[in-house]
1. For the range 171-219, which positions are more than 13 Å from the ligand (Cβ to nearest atom), under 15 Å from the mean Cα position of the chain (by Cα) and hydroxyl-bearing (Ser, Thr, Tyr)?
2. Of the conditions (1) touching a Gly at 6+ places or on another chain (Cβ under 6 Å); (2) open to solvent by 80 Å² or more (accessible area, probe 1.4 Å); (3) under 25 Å from residue 130 (Cα atoms), residue 49 fails just one. Which one is it?
3. Please state which one of 25, 42 is of a type in the set (Val, Ile, Thr), closer than 25 Å to residue 101 by Cα and within 14 Å of the ligand (Cβ to nearest atom).
4. Restricting attention to the range 111-123, which residues are buried (at least 24 other Cβ atoms within 10 Å of the Cβ) and near the ligand (Cβ under 9 Å from one of its atoms)?
5. Give me a count of the residues in the range 7-45 that are of a type in the set (A, V, I, L, M), assigned to a loop (DSSP other than H, G, I, E, B) and open to solvent by less than 10 Å² (accessible area, probe 1.4 Å).
6. So residue 107 ticks every box in (1) touching a helix residue (DSSP H, G or I) at 6+ places or on another chain (Cβ under 9 Å); (2) within 15 Å of the ligand (Cβ to nearest atom) but one. Which box is left unticked?
7. Please determine, by comparing only the residues of the range 102-142 that are part of a strand (DSSP E or B) and under 25 Å from residue 225 (Cα atoms), which one is farthest from the chain's Cα centre (by Cα).
Amino acid sequence: MKIVFSLGGSILAPDEIDPSFLEEVAEFLRELTQRHKVYVVVGGGKIARKYQQAARKLDASDELLDWLGIYATRLNALLLSSAIGKRANRQIPQTVAEAIAQAKSKEIVVMGGTDPKHSTDAVAAQLAETVGADLLINASNIDGVYNKDPKKFSDATLIEEMSADELLTLVEGIPQSPGNYALMDKMAVESIIRSKVKTIILHGHDLENLKDVINGESFTGTVIN
Ligand code: UTP
């Protein structure tokens, strides 16, 4: 299969970077290359937010905030690619086209953001659309899509399956700005609607759960059809 991961920065580079978890992710990805072509788009996480918060206080433009975020995602991508080793690219692609070109000689291609005005989820969805991926996995720090905010409501339940159109309606109701693309941004969902790629939203910390998805076993998360 061709698998595209959108790996949240919150997972890979939270407050303190955990090298042993990075190595576990790297090993998980290396193993996948025995049977699959793998693309990983890495998010900005805490470091992106720190730079964006500082720049906001300096009255920076939204475009500058986005570029700070993009550089943070590329920094995280370089860290992951170096943890993976020689099967991954060392030159971080700046566009989806560059990532596809690098995939000719590398088993795993790792990248971050591309241009302002969207999130790395949109980059991953665009990459999945362009390469005709079989699976797009959005792994961040939430278990999937809930019927209401699980931070506010203790009786919130995880939605196991929903359509991409339903997801679009949901994200359209959430305000979005640089550094704040909760769940997924509109551009990502619009690309998923076009490509019809099977998309799964799940927690990125549980690598066993991720393996279950790829092996077609039961897992915790939300399937977007
Ligand atoms: P992320 O895509 O990581 O944003 O990029 P996020 O969804 O807020 O964070 P995660 O998923 O928890 O890691 C960080 C920021 O970088 C800018 C945006 O401002 C985004 O919020 N960015 C990123 C872009 O402008 N373009 C890109 O292609 C990627």
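The values are calculated or read from the model by the stated rules, or taken from the named source; none is laboratory data. This one's a predicted model, so the numbers in the text were calculated from it and none came from an experiment. A quick note on method: Cβ atoms are made from the backbone with ideal geometry, for glycine too, and the neighbour counts reach across all protein chains shown. To get the accessible areas, we keep the full protein, side chains included, count just its heavy atoms, and leave off ligands, DNA and RNA. Shrake-Rupley method; radii C 1.70, N 1.55, O 1.52, S 1.80 Å.
1. Selection gives 199 alone.
2. All conditions pass for residue 49, except number (3).
3. 42 is the lone residue from the list that is of a type in the set (Val, Ile, Thr), closer than 25 Å to residue 101 by Cα and within 14 Å of the ligand (Cβ to nearest atom).
4. 112, 113, 119, 120, 121, 122, 123
5. Qualifying residue count, the range 7-45: 1.
6. (2)
7. Just the residues of the range 102-142 that are part of a strand (DSSP E or B), to begin with: 108-111, 135-140.
When the remaining residues are screened for being under 25 Å from residue 225 (Cα atoms), the result is 135-140.
Details: 135: 13, 136: 9, 137: 7, 138: 5, 139: 6, 140: 7 Å.
Here the answer is 135.
Condition check ((1) β-branched (Val, Ile, Thr); (2) modelled with pLDDT of 95 or more; (3) surrounded by fewer than 16 Cβ atoms within 10 Å (Cβ to Cβ); (4) not in a helix (DSSP H, G or I)) across all residues:
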position: 54; (1), (2), (3), (4): no, yes, yes, no
position: 63; (1), (2), (3), (4): no, yes, yes, no
position: 69; (1), (2), (3), (4): no, yes, no, no
position: 73; (1), (2), (3), (4): yes, yes, no, no
position: 76; (1), (2), (3), (4): no, yes, no, no
position: 80; (1), (2), (3), (4): no, yes, no, no
